[in-house]
Amino acid sequence: MINLEKDVQYVKTVGPNRAKLLNKLGIFTLEDLITYFPRTYQDRGKIKKIAQCIDGEEMLIEGITISNILETRMRNKTIYKLQLRDETGICTAIWFNQPYLKNIFNLGEKYKFYGKISNKYGRIEIISPVFDKINEAKNTGKIIPIYPLTKKLSQNILRNIIENGINEVYTKLEETLPDYILQKYNLLNLNETIKLIHFPKKLEDFKNAHKRLAFEELLTMQLALLELKNRYINETKGIKFNPNIKLSNIINKLPFELTKAQLKVLEEIELNMESSREMNRLLQGDVGSGKTIVAILASYKAVKSGYQTAVMAPTAILASQHLESFTNILQEEGIKCELLISSTSKKKKTEILEKLKKGQIDILIGTHAILEENVEFKNLGLVITDEQHRFGVKQRTKIIEKGQNPDVIVMSATPIPRTLALILYGDLDISIIDELPPNRKKIETFAVKKNMEERVNNFVKQQIEEGRQAYIVCPLVEEDEESNLKAVTSLAEKYKKEIFSKYKVEYLHGKMKPKEKDEIMQEFKKGDIDILISTTVIEVGINVPNASIMVIENAERFGLAQLHQLRGRVGRGEYKSYCILKYDSNSNNTRERMQVMCKSNDGFVISEKDLELRGSGDFFGTAQHGLPELKVANLFEDIQILKEVQKLSLDILQEDPKLKNNKNKKLNMLINDKFKKRIEI
């Protein structure tokens, strides 16, 4: 039997040095190597005539060489040129700093070239092409996988290593899906799948391999989540909250009217709380849809029924804001709320812990500080986590364990289409607030190129002169914190000294200490800062009703769902608000994405489009959620597979809830392997 845990350095042609490069890509074992899937493919099999060459496209051409290699030097590089022709025209192949090419080509011989075409002013060139002799198919004449790379590791080398890995395991991989599923859904066996996903001979091969892998990924995730949900329904008795404590008692006293969507969700929650089934509910709603008031009212019912509530927020600022909102509405009802965050003084913390244990605090609102072992509740009945994607599963479990099967509400402002929410939160019931309160103003959104910079800056100045405040958001330039840090600090420096020198400018980034971040946000909230330059740490932030403008630098680097989240930081007060997306790309995809943002303020519409244009990737932060990352399945393109899988999962678990039957043995092993330790919510 093949050892998939074998260190990748012992795969043919790898060795210690290449192993270090592969480690940077997350490839440590033979299994990691063969499941490091291509991000795209190049079809190098369709030959085009030179006269058909289109500027900017990658193409395969065939031609006879009509010159020797011509070498010219230009600044610090050497350029090598070769002329070739076919019956329709002449093309020049161009390479940079490749001296070995001088002795490769023979005059008058036929070769195949694949590369990017430049077709300008009637001159056709093919830039840095790969090539083969006419009777070879090493670099051309087939579908070639393209992988994400790291420095010093080329496509050819990585392709060769992966091919060696596949040769080592081919025909020896143990099948992971039961035969009855493979046959019913016409799926490839695992050995063929792994070979064809990397090296398809034709498009059909790739489609079949993709279908098999996407099917397995989605099936594993659905089964694990549904099994978990069933376990809650069947085995866990929840708290029956007092049916005589009616939410309508407090709703009628509110100084504002709730929307129909809020009332519908509250009805679902109230029914759930009064039943003996433990509540595990995802409360979804767009930025500003009024999820907090729903959480406050649910907490009222829990407390008046004799239980305590825990509310966990991802930042101290958000926790403090919740304390303010909860206290404003509940103090007249005699409900005692307290705040526990890392900066709470030792003396105050001791007092809170003592009162909490005695039941003298009804609602504890806080950050990760709530998770500490010495935080003990007398009678915890309801747990609310805000911005769920910011918390890992283990953290949610930890706080739930502080009570006896408390009800759980998970709040998220990241709108996810319902079908897809079933995948990510398959263990939870879903409530959606799909209506904004009438006082929420539409945020005017504009997408502009870099040449509009001066106009944008003048507009920001105009807003500040009118007494408003502004956010300027920088992207994570690369995957490392250092470059991100530099982008924010250098931009802040430039804005402070040059462009906005008249105003108070401050910056914020993830590497700052929590206390430092909180102080700056509080200053911004009080109006002491005019312009706040920040990374996406403000994505989940506080209400600053006076902030009326947000400028997002390099908006093309963000997903639409994230742009929508960021935009939701403005438009929270009485003033007309604006979001300006500065982008630096000419691609059609970028233009289309910017247009979506300008046309729509509906988070659900935007998230659907985001999925369509960007693919799923780690769209949901599945890694944060504790679920295996989707390596292959694209939740937009594979919606048909998803529907098949959801039906199959329900059928399997209805017949065999614990997956104990012999025919489902492989599924049980697959779930245990993928989820290692079963997810605990």
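For the chain, which longest stretch is free of loop sites, where a loop site is one of the chymotrypsin sites (Phe, Trp or Tyr not before Pro) that DSSP puts outside H, G, I, E and B and that has at most 10 other Cβ atoms within 10 Å? Present the calculation step by step, with values, prior to reporting the outcome.
Values: sites that count: Tyr121, Phe256.
Here the longest segment lacking exposed loop sites spans 257-681.
Taking amide hydrogens as placed 1.01 Å from N in the peptide plane, the amide H of Lys511 sits under 5 Å from that of no residue at least 5 positions away in sequence or on another chain.
Hydrodynamic radius of the chain by the Kirkwood approach over all distinct alpha-carbon pairs: 28.8 Å. Just need the relative contact order of the chain here, percent rounded to a whole number, with Cα pairs under 8 Å and 6+ apart. Relative contact order, the chain: 12 percent. List the aspartates and glutamates whose alpha-carbon lies under 19 Å from that of Lys497, not counting same-chain residues fewer than 8 positions away? Correct list for Lys497: Glu453, Glu454, Glu465, Glu506, Asp528, Asp530, Glu553.
Annotation for Lys77 and Asp602: the two label points, set 7 Å from Cα along the Cα-Cβ direction, are 4.8 nm apart. Scanning residues 5 or more positions from Ser67 or on other chains, those with amide H under 5 Å from its amide H are Gln83, Gly108, with H placed 1.01 Å from N in the peptide plane.
Restricting to lysines 8 or more places apart or on different chains, can you count the pairs in the range 56-149 with Cα atoms under 15 Å from each other?
Working: Lys81/Lys102; Lys81/Lys116; Lys110/Lys133; Lys112/Lys133; Lys112/Lys138; Lys112/Lys142; Lys133/Lys142.
Taking the range 56-149 as the scope, the lysine pair count is 7.
Can you tell me the FRET efficiency between Arg123 and Lys357 if r is taken as the Cβ-Cβ distance and R0 is 56 Å, rounded to the nearest 0.05?
Numbers: r = 81 Å, r/R0 = 1.45.
So the FRET efficiency works out to roughly 0.10.
As a proxy for reagent exposure, Ile269, Ile400 were ordered by neighbouring Cβ count within 10 angstrom, fewest first; the result is Ile400, Ile269. From its DSSP helices (H runs of at least four residues, each -39,500 (n - 2.57)), the chain gives a residue-normalised ellipticity at 222 nm of -11500 deg cm²/dmol. Computed from phi, the 3J(HN,Hα) profile of the range 360-372 under the Karplus parametrisation 6.51, -1.76, 1.60 (θ = phi - 60°) reads 8, 10, 8, 10, 9, 10, x, 9, 4, 4, 5, 6, 4 Hz, with x in place of Gly and Pro.
Tell me the GluC sites (Glu not before Pro) within the range 1-106 that lie in a loop according to DSSP and have at most 15 other beta-carbon atoms within 10 Å. Please report the intermediate quantities before stating the final value.
Numbers: sites: Glu5, Glu31, Glu57, Glu58, Glu62, Glu71, Glu87; in loops: Glu5, Glu57, Glu87.
Taking the range 1-106 and a limit of 15 other Cβ atoms within 10 Å, the loop GluC sites (Glu not before Pro) found are Glu5, Glu57, Glu87.
Among residues other than Tyr575 with Cβ under 10 Å from its Cβ, the summed charge is +2 (Lys and Arg +1, Asp and Glu -1). Among the GluC sites (Glu not before Pro) within the range 106-191, those in coil by DSSP and having at most 16 neighbouring Cβ atoms inside 10 Å are Glu109, Glu136, Glu174, Glu175.
Listed by chain and number, the lysines whose alpha-carbon sits under 22 Å from that of Lys494, ignoring those within fewer than 8 places in the same chain, are Lys449, Lys450, Lys461, Lys486, Lys502, Lys504, Lys511, Lys517, Lys582.
For each pair in Lys246/Lys658; Lys12/Lys151; Lys48/Lys207; Lys441/Lys513, compute the distance between the two Cα atoms and list the pairs where it is over 32 Å. Don't jump to the answer; show the numbers that get you there.
Numbers: Lys246/Lys658 39 Å; Lys12/Lys151 21 Å; Lys48/Lys207 25 Å; Lys441/Lys513 34 Å.
Long pairs (Cα-Cα over 32 Å): Lys246/Lys658; Lys441/Lys513.
Let me check against my output: what whole-number percent is the relative contact order of the range 444-600, with C-alpha pairs under 8 Å and at least 6 apart?
On the way: 256 pairs, mean separation 50.4, N = 157.
Relative contact order comes out at 32 percent.
With 0.36 nm allotted per residue and the present C-alpha distance subtracted, the Lys142-Lys12 stretch has 44.4 nm of extension available.
Among the trypsin sites (Lys or Arg not before Pro) in the range 500-555, which ones are in a DSSP loop with at most 10 other Cβ atoms within 10 Å of the Cβ? Mind listing them?
Details: sites: Lys502, Lys504, Lys511, Lys515, Lys517, Lys525, Lys526; in loops: Lys502, Lys504, Lys511.
Loop-located and lightly packed - Lys502.
Neighbour counting of Cβ atoms within 10 Å sorts the residues Asp7, Asp530, fewest neighbours leading, into Asp7, Asp530.
Can you classify the range 444-600 as rounded, prolate or oblate using the Cα gyration tensor, where a ≥ b ≥ c are the square roots of its eigenvalues, rounded means a/c under 1.5, and otherwise it's prolate if a/b beats b/c and oblate if not? Let's see the in-between values first.
Working: a/c = 1.40, a/b = 1.18, b/c = 1.18.
Here the range 444-600 falls in the rounded category.
Counting only aspartates and glutamates at least 8 places from Lys201 when in the same chain, those with an alpha carbon closer than 18 Å to its own are Asp43, Asp132, Glu136, Glu163, Glu192. Starting from the Cα gyration tensor of the range 136-274, take the square roots of the eigenvalues, sort them a ≥ b ≥ c, and report rounded, prolate or oblate (rounded when a/c is under 1.5, otherwise prolate if a/b is larger than b/c, else oblate). In terms of gyration-tensor shape, prolate.
Proximity of backbone amide H atoms, modeled 1.01 Å from N, is registered between Leu380 and Gln308, Gln404 at under 5 Å, excluding neighbours fewer than 5 places apart on the same chain.
No value in this document is a laboratory result; all are computed from the given coordinates. Everything numeric here is computed off the predicted structure, so don't read it as measured data. Positions of Cβ are backbone-derived with ideal geometry, glycine not excepted, and every protein chain shown enters the neighbour counts.
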